[in-house]
Amino acid sequence: MNEVMNENIINNTDQTVNTAPDRFAPVPSVPDKKPFAASSTEIAFAFLSYAAAYFYVLLWFNDLGYPERTFVLWRVLPVAVFAACAVLILNRGKKKSAESWFWLACFTALVAAFTFNLHGVWDESQLFLLIHACLIWWTLSHSGKLLEGESSRFLPVDGTNGLIIIPFRHFFLRIRCVFHGIGRWMKRSRKGASLLWTALAVLLAVALFAAAAGLLMQADSNFAQSLDRILRHLEPDEEVIVYVLCSLPVGAYIFGLIGGSVRTEEEFLSREKNASERFLAAIRRVPAGFWAAVILLFSALYIAFFALQTSYFLGAFTHTLPEGFIVSRYAREGFFELCRVMAINFALLWLVTRMSEKDTNNSRLLKFCCLLLLFESLLFAMIAASKIILYVSDLGWTPKRIQSLWLVGVLAAACLAWGIHLISGKKTFKPWLMLSAGTLCVLAFLGTAA
C-alpha cells in the first residue's frame, strides 16, 4: 500500500515539474494603444461646431425664431450647412450607397421648408423634430454605419446607435480634437507655445486685477460707487452666458454623432449585429401552431367586429351617416382607435415571425394566418381613410386631416409591403421606409387653405 502511494507521489511530482515551464511561460504582451490623432478637417469642424451649436441654442431658446423669418434664416442655415458639410467632407473618399443621397435630399428639403417658411402641413416643432431624425439617419447611411449597410429590419438598433450610443460614445471627441489641434500647432509654430502661455498669463492677471479692485471697493465706498458706474457698462449679458453654456453639450453631441460615425469601428457594428441575430435566434422557441391559433383568435374578433358594424362603416363609402351623427363626429370617432389596432397587429406579426419555431416559409398555415391578419389590417386602413375623405369632402382640407390621411396611407403601404415580403421573400422594408419619408417631405411643401 505504501509502495503504491509513493509511486503516485513520484508521478505527481514528475508531472508538476514537467508542467512548471508552462506555468511560468511569458505572458503575451498587450499591444500598445494607438495615441489619439485627428485630421486637419476633424480639427477644423471641431472648432466650427462651437459656433454652430451656439446658433442652434439661439434658435431653440427663441421659440424656433418664428414669426421672424430673417431670424430663422440666419440661425438655421449655419447649423444645417455645418452639419451637411461635416458629413460630406469627413466621409469623403468612402463608397456611398444610393440610399444615402436620398436621405440627403430629404434633409435638404425639410431644412428648406423650415427655413423659408414654405410648409403648411407640418408645423415648426414637427419639422424641427423631422429634420433631426433625417439628419441622424442620413449621417448613419452616408458613413456606412447602418448594421446591414442600408435601412433594414435592424431599424431599432440603428436608431439607438444614431440617437444615443454613437453620440455619447464619442461625446468628448470634439474636445480631444481641439486639444490635439492646439498641441500640433504649438509643435509646428515657434510662437505657438509663447502665445498660449501669454494667454494664460492674461487670464491670471485679469483675475488678480479683479481681486485687487474688489478689495479697494470694500475699503472705500466712494471709490466703489465710481468704479461701479464704470463696470455697469462692462457687465456680460446673462442670456449670452446661458446660451454659451448650453451650447457646449449640444455641440459635443452633434460632433459626437457626425465625427463619431466616421470613427465607429466595423468590429463594433459586427458585434452589435451578431448580438441582435443571436437574440432573434434565441427567442425562436414558440410552436407555430400556437401563434396560428392566436392570429385566428384575433381574426375572429375582427370578423365579428366587421359583421356587427357593416352598415356603420359602409356609411363612409356611401356618404350616408348613421342616425344622430354629424360629419365631424362620425369622422373622428374610432379613427385613431383603428390606427392603434393596426399598430397592435404589426406588433403581433413581429412576435409571430420572430418567436415562432418555424419560419413562415416552412409553415403554410402560419403564412396564411399572417396574410389574413394583414388583409384585415388593410381593411381597417381603408375604413379609416374613408372617414377622413368624407370629412374633407364636406369641410375641406386642414393640416391635421392631411396628416391623418398620410398616416393611414403609410400604414396601408406597410400592410402591402409586409404581405409582399411574406409571399415572395423580397426585402420590402427599405422601399416602404423611403416611400414614407419621401411623401412626408413632399407634404412639407404643401400649403393648406385653413
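The values are calculated or read from the model by the stated rules, or taken from the named source; none is laboratory data. Not measured: the values here are computed from a predicted model. Cβ coordinates were reconstructed from backbone atoms using ideal geometry, including for glycine residues, and neighbour counts include every protein chain displayed. For accessibility, only protein heavy atoms count, side chains too; no ligands or nucleic acids. Shrake-Rupley method; radii C 1.70, N 1.55, O 1.52, S 1.80 Å.
At-a-glance table
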{"item": "Helices (runs of 4 or more DSSP H) wholly inside the stretch 218-308 that include at least 3 residues being more than 30 Å from F36 (Cα to Cα) and modelled with pLDDT under 90", "result": "221-231, 238-263, 288-308"}
{"item": "Scope the stretch 383-409; condition open to solvent by 20 Å² or more (accessible area, probe 1.4 Å) and modelled with pLDDT of 90 or more; matching residues", "result": "Q403, L405, W406, L407, G409"}
{"item": "Scan of the stretch 257-277 for residues that are surrounded by 10 or more Cβ atoms within 10 Å (Cβ to Cβ) and of a type in the set (D, E, K, R), ordered by number", "result": "R263, R271, E272, K273, E277"}
{"item": "Residues of the stretch 142-173 classified as within 27 Å of L349 (Cα to Cα) and assigned to a helix (DSSP H, G or I), total", "result": "9"}
{"item": "Helices (runs of 4 or more DSSP H) completely within the stretch 361-450 that count 3 or more residues being within 23 Å of the chain's Cα centre (by Cα)", "result": "399-424, 429-443"}
{"item": "Count - residues of the stretch 84-143 that are on the phi > 0 side of the Ramachandran plot and either free of Cβ contacts under 8 Å to residues at least 24 places away in the same chain or of a type in the set (A, V, I, L, M, F, W, C) (or both)", "result": "1"}
{"item": "Output for the stretch 424-450, where each listed residue is over 22 Å from G149 (Cβ atoms) and either at pLDDT 95 or above or open to solvent by less than 60 Å² (accessible area, probe 1.4 Å) (or both)", "result": "T439, L440, C441, L443, A444, G447, T448"}
{"item": "Answer residue from the stretch 109-162, given it is hydroxyl-bearing (S, T, Y) and open to solvent by 20 Å² or more (accessible area, probe 1.4 Å) and is modelled with the lowest pLDDT among those", "result": "S125"}
